[in-house]
Amino acid sequence: MILAVTLMVRDEADVLPAWLDHHVAQGFDVFVITDNGSVDGTTDLLAAFAERDDVTVDLRHDPVHRKQQGTVVTGMARDAATVHGADWVVNADADEFIIPVDRTLTVRQVFERLDPVVGAFFVPVVNLTGELATSGAGIERLHWRDERSADELRAAGLIAPPTPNTVHVGDPSVTVVQGNHRASVANGAPVPEELALEVLHLPWRSWDQYAHRVEVSGRAYEANPDLTPSPRHHGMIDYRRLQEGTLQAVFSLRFVTDDDAATGPFTRDDGIVEVLRRAGSSSLGAAPDPVVSDEELRSLQRTGRAIASRDSRIQDLEDAVRAGEGTADTLRTTVQFERDRADALRRELQGEIDRIRARRVVRLADRVGDAARRLRSR
């Protein structure tokens, strides 16, 4: 049996080494990968990976940034079948780690036992969260399954739980829909419960990573006239927030401290780390990610809740106008009021964060002064 995974990747150097080690350890034979014009070191990492002789690596390059994932992944999935003879194909992103629900199995062992008559099937995606950091991959930091309800996610500025991905048998004529959530292969039989798979998802690894991702994704959508995402598409909502300077505050609502997670709708899951540890991956054990202080996180989240509430009210007003329950003038007036309020909140937040950081500098200076005085007194 030949097990293949496709990957279209751009600027994911923080998480890519762990992703590659994880999927090798899970038993994938073939990696069909398209580097989408990366500039952060991803290209070099992939070139080094392509030199391995224990797996087949089909490395491609597509420098165009026009949100053409559906077309590119479809081509890779078809080539996985026709060029590499894949029996099963997983189409993934660099922040998606497929893993059996039964952690005593590997992904390869699951597919070896799975009847090809299944054809194609959905695999649930689980977001992992944890403490907010300014940078870093978060492999060891983000270890809580986010099990918040749809209402709780909306209050945190998110639209809904993640959409499942589709896995399918190798098919020379397959079509994969943008986002890897659907494929043209028909489902022929249910997957036995003991062979269930899931995807552990790390979409929010750090503020630096996410801000960059939102920026390049938003620009790519704007550059592709063939794609018309809804204004309520999660990527477009965050792109607008980034442009108005409110994204970091709303972004902070997606994170949780270990103490808060232990009493909330979260379940600890170290599945990725356990796979990497058994594989001896060098992506573990690096310097800890620079975590945002509890004080700064609380400040960000206070403003984030206000921004998320504002966006929810605006959407409700838009729905009311479409339903004939309001007027366009009322909507425009209310939207402008909410935007002005958001600007005020953003300025207040920045002032509070500046004060927090100033106090931190003063405390550090005091500690240095105390140490100097102790040295002089000896």
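Structure notes:
- Sequence of Thr333, Thr74, Thr175, Thr166 once ranked by neighbouring C-beta atoms within 10 Å, starting from the fewest: Thr333, Thr175, Thr74, Thr166
- Among Leu200, Leu284, Leu20, the residue with the largest mean-square fluctuation in a Gaussian network model of the chain, with springs joining Cα atoms closer than 10 Å, is Leu284.
- Under 14 Å, Cβ to Cβ, from Met76 - net charge with Lys/Arg +1 and Asp/Glu -1: -4
- Relative contact order %, region 3-201, counting alpha carbon pairs below 8 Å whose residues are six or more apart: 27 percent
- Computed log10 I(q)/I(0) for region 1-100 at 0.13, 0.16 Å⁻¹: -0.39, -0.61, from the Debye equation with unit scatterers placed on every C-alpha and solvent omitted.
- Antiparallel %, DSSP beta bridges [both residues in the chain], to 5: 50 percent
- Here region 109-171 has an Rg and Dmax of 16.3, 46 Å, counting Cα atoms alone.
- Put in line by how crowded their Cβ is, counting other Cβ atoms within 10 Å and starting with the fewest, Ser217, Ser173, Ser309 read Ser173, Ser309, Ser217.
- Using a Gaussian network model of the chain in which every pair of alpha carbons under 10 angstrom is joined by a spring, one finds that among Arg347, Arg103, Arg322 the greatest mean-square fluctuation is at Arg322.
- Read-out semi-axes √(5λ) of the Cα gyration tensor in Å, derived from the coordinates shown; its label in (i) 38, 29, 19; (ii) 30, 22, 20; (iii) 33, 23, 21: (i)
- GNM result for the chain, Cα springs below 10 Å: residue of Arg219, Arg254, Arg108 fluctuating most strongly: Arg219
- Spacing of the two label points (7 Å from each Cα toward its C-beta) at Val55 and Arg113, in nm: 2.3 nm
- Relative contact order, percent, the chain [alpha-carbon distance under 8 Å, six or more residues apart]: 19 percent
- Neighbours of Val174, meaning other residues whose beta-carbon lies under 14 angstrom from its beta-carbon, give a summed charge of -1 when Lys and Arg score +1 and Asp and Glu score -1.
- Inter-probe distance in nm under a simple model that places probes 7 Å from Cα toward Cβ, at Asp208 and Ser282: 2.0 nm
- Taking 0.36 nm per residue of separation and subtracting the current Cα-Cα distance, fully stretching the chain between Glu222 and Gln178 would add 14.3 nm.
- Other residues lying with their Cβ under 14 Å from the Cβ of Glu131 contribute a combined charge of -4, Lys and Arg counting +1, Asp and Glu -1.
Since every read-out is calculated from the coordinates, none of them should be taken as a lab result. Please read all numbers here as calculations on a predicted model, not as lab measurements. Don't worry about glycine lacking a Cβ; one is built from the backbone with ideal geometry, like all the others, and counts go over all protein chains shown.
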